[in-house]
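These notes concern the structure reproduced below.
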Amino acid sequence: MENATLIVLLALLQYIWFTVCVGLARGKYNVDAPACDGDENFARVFRVQQNTMEQLIVFIPASYAFAWYLSPLWVLATGVAFILGRFLYSAEYTRDPKTRTPGMGLTLATNAVLLVGAFYGLAKAMFF
Amino acid sequence: MENATLIVLLALLQYIWFTVCVGLARGKYNVDAPACDGDENFARVFRVQQNTMEQLIVFIPASYAFAWYLSPLWVLATGVAFILGRFLYSAEYTRDPKTRTPGMGLTLATNAVLLVGAFYGLAKAMFF
Amino acid sequence: MENATLIVLLALLQYIWFTVCVGLARGKYNVDAPACDGDENFARVFRVQQNTMEQLIVFIPASYAFAWYLSPLWVLATGVAFILGRFLYSAEYTRDPKTRTPGMGLTLATNAVLLVGAFYGLAKAMFF
């Protein structure tokens, strides 16, 4: 499971970076905790981090299941696609939330491939 | 761990469905990103997805620990209870948040059973 | 992986406690679902739970990777530091969000140690 772990750790590193950006944005746009809104620019940075968390909760277990039951090699490809998709999403979203579709689409497509692949490999392991 | 993985993948599939519902609700109720409030009906759909994520972060690792240290069979039962509880919660919450108690209770009870069972099995593995 | 699982289950127990606190705070400060703001004291309790979830998504997979690839013993130390850091954060944040830095710092430092250690152990396993 080395490849799956490598991908997961890299995605977590990226996520920590997005979290640090939220902290910096609190200072830059004067949004004091516990508030999470009030400034449109802060809200964008915050939503990038929140949305990444929403996607990681699928990505992490699905990557391990995909690597275990289907392919410990191809999990590298979906992992790279996920991480690139998240950087794209972050760049789009902080510029203009209306342009976030490609980055979001790449993330959703990656998670869909991971889930379908994991289901397929799991079905083979359980029933054949 | 096939059973635990099967249950986790099914719960993730349901969660992705709740996420898609948030995207559709943005269009239906005219809530543009990065806003996550402003319309009561949108807020309900959004909270169903958010609350499911809040519960999944317990459910996923607890299901694997329960299956590994206690019972790879009974994890199917808790898994089905969790997923049904989430559909119930979603139906209740989008109709009227005040009626969400049964669905929420079923979810919390399931996670409590998973945690207690995992602790019990782990204690047996570590100390006996 | 008994030690990693023990730590993860304890951290989840603490997180469930923070979640219960949010439910109690809804009643105490009259914040009806789906609202998640409107009262500063409620918002603080809510943010403690949300922030703990944001950190758990790193802590859980990083603890397992750290225990597997580097040290199944030292994962106990990072685990205790994480849980103490979260209790500290909760106490600070509900009193005054401006004083939350030590608890947040301890959490971030713990996750950083876990990630760096896991990367190091993984690199040794993959390339040496």
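The values are calculated or read from the model by the stated rules, or taken from the named source; none is laboratory data. Being a predicted model, the structure only gives us computed values, none of them experimental. A quick note on method: Cβ atoms are made from the backbone with ideal geometry, for glycine too, and the neighbour counts reach across all protein chains shown.
In this entry, residue B:42 passes the filter for residues that are surrounded by fewer than 23 Cβ atoms within 10 Å (Cβ to Cβ) and more than 9 Å from chain A (Cβ to nearest Cβ).
Within segment B:81-93, restricting attention to residues that are under 20 Å from residue B:61 (Cα atoms) and free of Cβ contacts under 8 Å to residues at least 40 places away in the same chain, the residue that is surrounded by the most Cβ atoms within 10 Å (Cβ to Cβ) is B:85. Selection of segment C:14-25 for residues being at the interface with chain B (Cβ under 9 Å from one of its Cβ atoms) and in contact (Cβ under 8 Å) with a residue 40 or more places away in the chain yields only C:15.
Out of all the residues in segment B:52-80, which are farther than 18 Å from residue A:59 by Cα and of a type in the set (S, T, N, Q)?
Answer for segment B:52-80, where residues must be farther than 18 Å from residue A:59 by Cα and of a type in the set (S, T, N, Q): B:71, B:78.
The single condition from (1) free of Cβ contacts under 8 Å to residues at least 40 places away in the same chain; (2) of a type in the set (A, V, I, L, M, F, W, C); (3) outside any helix (DSSP H, G or I) that residue C:126 fails is (3). Within segment B:54-68, none of the residues are within 14 Å of chain A (Cβ to nearest Cβ), in a helix (DSSP H, G or I), of a type in the set (A, V, I, L, M) and out of contact with any helix residue (DSSP H, G or I) (no Cβ under 8 Å at 6 or more places or on another chain). Residue count for segment C:94-103 under the criterion of being in contact (Cβ under 8 Å) with a residue 40 or more places away in the chain and either over 17 Å from residue A:35 (Cβ atoms) or under 14 Å from the mean Cα position of the chain (by Cα) (or both): the result is 0. From the list B:4, B:33, B:11, which one is modelled with pLDDT under 95 and either at the interface with chain A (Cβ under 9 Å from one of its Cβ atoms) or within 24 Å of residue B:70 (Cβ to Cβ) (or both)? Among B:4, B:33, B:11, only B:33 is modelled with pLDDT under 95 and either at the interface with chain A (Cβ under 9 Å from one of its Cβ atoms) or within 24 Å of residue B:70 (Cβ to Cβ) (or both). Of everything in segment B:84-100 that is assigned to a helix (DSSP H, G or I) and in contact with an Asp or Glu (Cβ under 8 Å, 6 or more places away or on another chain), the residue that is nearest to the other protein chains (Cβ to nearest Cβ) is B:97. Does residue A:71 meet the test of being surrounded by 21 or more Cβ atoms within 10 Å (Cβ to Cβ) and either within 13 Å of chain C (Cβ to nearest Cβ) or at pLDDT 95 or above (or both)? In short, no.
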